[in-house]
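In what follows, a single structure is set out as structure tokens and then discussed.
Throughout, read-outs are computed from the coordinates displayed, never taken from laboratory work. Because the structure is predicted, anything quoted here is derived from the model rather than measured. Positions of Cβ are generated from backbone atoms using ideal geometry, with glycine treated the same way; all protein chains shown enter the neighbour counts.
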Amino acid sequence: MELKLGILVNEGPYTHQASDTAYHFTKAALEKGHEIFRVFFYHDGVNNGTRFTVPPQDDRNLQKAWSELAAKAKLDLVVCIAAAQRRGILDTGEAKRHGKDSDNLAPGFRISGLGQLVEAGIVADRLVTFGD
Amino acid sequence: MPTLHTINKSPFERSSFASALNHLLPGDALLMIEDGVVGARKSSAFAGRLEAAAKTCRVYVLGPDLAARGIAEKDVVAGATLVDYGGFVDLVTGHDRTQAWL
């Protein structure tokens, strides 16, 4: 039976392994025909949503991998606004509002509030948490 | 209403693994992922507790994380089943909820 899944990522790409696990889990769920209702990035997890990372070429690029998976599977990748602002993750509008000289939100991500996580908890059949 | 419990920390690093075992109900499932797979190693000081849990609950280990840490399948406690990421997804959808012990 195909289900609707919500994913919560509470950890950045270089803290430990949670973002990697969440990514592989999301990919496997899509391959099995499940719907990913939303991936919500909270706390240090918002660091998955910057397009300014340049890891070595022979290293995995998790931020890029999320963006590519989002484009391919039409994923809704949501970054928590309060967590993002603390960590310097800004979209064009937020960068302008705070007088910053650039924005860095990666393609496929959008900035929104905690209500999006609550909604995922209500609407999705299962909510799976990945963190440290 | 069975619950899937995911554990991602070694029992020798944090108390979350032991805490999870204390909260397991009969019929629940336990999945060791990330550093949690260290707890699956047989003959360790922790193995007895996991083997006891395996009598009333199903116990799973994420194979790729086990391999990444150099733990061979033959060194895993009796009663634990290896799964891949697809198996992880099946465990999530096959249980009413997933509790992540972080």
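Here are the numbers for this structure:
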quantity: Whole-Å distance, taken between Cα centres, linking segment A:1-55 and segment B:13-73; calculated: 23
quantity: The protein assembly as shown: radius of gyration and largest Cα-Cα distance (Dmax), Å; calculated: 18.4, 60
quantity: Exercise: per-residue mean of other protein chain Cβ atoms within 10 Å, A:19-25; calculated: 4
quantity: Overall dimensions of chain A by Cα: Rg and Dmax, Å; calculated: 14.2, 49
quantity: Peptide-level mean, for B:87-94, of C-beta atoms on other protein chains within 10 Å; calculated: 6
quantity: Which listed pairs, of A:4/B:9; A:27/A:100; A:32/A:64, have C-alpha distances above 32 Å, in listed order; calculated: A:27/A:100
quantity: Reach of residue B:74 by Cα under 18 Å, taken over lysines that are not fewer than 8 positions away in the same chain; calculated: B:42
quantity: Dipole axis of the protein assembly as shown (+1 Lys, Arg; -1 Asp, Glu on Cβ), positive-most option in A:65, B:68, A:92; calculated: A:92
quantity: Separation in nanometres of the label points that stand 7 Å from Cα toward Cβ, at residue B:54 and residue B:102; calculated: 2.9
quantity: Rh (Kirkwood; distinct C-alpha pairs) - segment B:43-86, Å; calculated: 11.0
quantity: DSSP loop chymotrypsin sites (Phe, Trp or Tyr not before Pro) with at most 16 other Cβ within 10 Å: longest gap in chain A; calculated: A:53-132
quantity: Of every Cα-Cα pair in segment B:3-101, the percent that sits beyond 20 Å; calculated: 25
quantity: Lys, Arg +1 and Asp, Glu -1 on Cβ, resulting dipole of the protein assembly as shown about Cα centre, debye, nearest 20; calculated: 220
quantity: Residue B:25-residue B:78 FRET efficiency (beta carbon distance; Förster radius 30 Å; 0.05 resolution); calculated: 0.90
quantity: Contour minus Cα-Cα distance for residue A:97 and residue A:122 (0.36 nm per residue); calculated: 5.8 nm
quantity: Cleavage-rule hits (chymotrypsin sites (Phe, Trp or Tyr not before Pro)) in segment B:1-74: DSSP loop, at most 16 neighbouring Cβ within 10 angstrom; calculated: B:12
quantity: Gaussian network model of chain A, springs between alpha carbon atoms under 10 Å - residue of A:30, A:62, A:77 with greatest fluctuation; calculated: A:30
